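For reference, the structure I am asking about is given below.
The values are calculated or read from the model by the stated rules, or taken from the named source; none is laboratory data. Computed from a predicted model, the values in this text were never measured in an experiment. Cβ coordinates were reconstructed from backbone atoms using ideal geometry, including for glycine residues, and neighbour counts include every protein chain displayed. Just the protein is used for accessible areas: all its heavy atoms, side chains included, with ligands, DNA and RNA removed. Shrake-Rupley method; radii C 1.70, N 1.55, O 1.52, S 1.80 Å.
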Amino acid sequence: NYEQLDNFTPDFTVINACSQVNEEWEKHNLNSDVAVVFNIEERKAVIFGTWYGGENKKGIFSLMNYWLPMQDPPQFPMHCSANVGKKGDSALFFGLSGTGKTTLSADPHRDLIGDDEHGWDEDGIFNFEGGCYAKTINLSEKTEPDIYRAIKKDAMLENVKLVEEGDSLVPDYFDTTKTENGRVSYPIFHIDNYHKPQIAGH
């Protein structure tokens, strides 16, 4: 409500100006007209010239890598996916973006904790996000059924080609003319066997 907004002070502000570019990028010693700029002291960030939504979350995750280890007790941020077996045996899958963390963690025989960003502390491992951010390139129900079925109401497609089928627009996950980095964001509860506590032991 408005009363809450009046008294709200953000921990950090990200201004995503994706449609704007830095035309003086050479003068500013940058590599291109795209810029992702974070000021830790001011607790503000500006993103220019990229429509990749991952810049928002990866930027904040970078800050978490700086701040959380200094907490008391310390927390260790991890770029990994995580799931847990029926006996409480947790597994972590580390890798760069797009290398299969989401696919590996979506195991029908294990409960999903999360697909990308987690923490490790004295009590166990835990999910930072409450959702998933999966690549959509060549996605099909046959190859990745859990992710495919998670694309429904409250999921958001990013940089995915839409094609006309009758009166509808439907995603074409095999068309990479926009980018090979098409994505979908969806709440973790779109995965049937998600781990409700979002935390598990070491």
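Note down the magnitude of the dipole of the stretch 53-127 about its Cα centre, charges +1 on Lys and Arg C-beta and -1 on Asp and Glu C-beta and zero elsewhere, to the nearest 20 debye.
The dipole of the stretch 53-127 has a size of about 260 debye.
With charges only on Cβ, +1 for K and R and -1 for D and E, what is the dipole size of the stretch 1-86 about its Cα centre, in debye, rounded to 20?
For this selection, approximately 480 debye.
At 1.4 Å probe size, put T177, T102 in order of accessible surface, largest to smallest.
Values: T177 110, T102 20 Å².
Listed by decreasing accessible area, they come as T177, T102.
Compute the separation of the alpha-carbon centres of the stretch 28-76 and the stretch 135-177 and state it in Å as a whole number.
For the stretch 28-76 versus the stretch 135-177, the Cα centre distance is 29 Å.
At 1.4 Å probe size, with no ligands or nucleic acids counted, give the accessible surface of L96 in Å², nearest ten.
130 Å²
On to the next question. Would you look at the GNM of the chain, springs on alpha carbons closer than 10 Å, and say which of I47, I147, I188 moves the most?
Highest fluctuation among the options: I47.
Whose amide H sits under 5 Å from the amide H of Q20, counting only residues 5 or more places off or on another chain, with H placed in the peptide plane?
G49
Starting from the Cα-Cα distance between F76 and D89, subtract it from 0.36 nm times their residue separation and give me the gain in nm to one decimal.
Roughly 2.7 nm would be gained on extension.
Further, regarding this structure: Select from G114, G88, G131 the residue whose mean-square fluctuation is largest in a Gaussian network model of the chain (Cα-Cα springs shorter than 10 Å).
G88
Of R110, R149, which has the most accessible area and how do the rest follow, probe 1.4 Å? Kindly include the intermediate steps, with their values, before the conclusion.
Working: R110 45, R149 130 Å².
Ranked list, largest accessible area first: R149, R110.
Sticking with this one: If you put +1 on each Lys and Arg Cβ and -1 on each Asp and Glu Cβ, how big is the dipole of the chain around its Cα centre, in Debye rounded to 20?
Values: 18 positive and 33 negative charges, 96 e Å.
Computed about the Cα centre, the dipole is about 460 debye.
With a 1.4 Å probe and all protein chains in place, put W51, W67 in order of accessible area, largest first.
Solvent-accessible surface, decreasing: W51, W67.
Among Q71, V160, G53, whose Cα lies farthest out toward the positive end of the dipole of the chain, if unit charges sit on the beta carbon of Lys, Arg (+1) and Asp, Glu (-1)?
V160
With all protein chains present, calculate the accessible area of C80 using a 1.4 Å probe and round the result to the nearest 10 Å².
The accessible area comes out at roughly 0 Å².
Please give the solvent-accessible surface of M70 in Å², to the nearest 10, using a probe radius of 1.4 Å with every protein chain present.
Here the accessible area works out near 130 Å².
Something else: Write down the accessible area per residue of the chain in Å², having rolled a 1.4 Å probe over the full set of protein chains.
63 Å²
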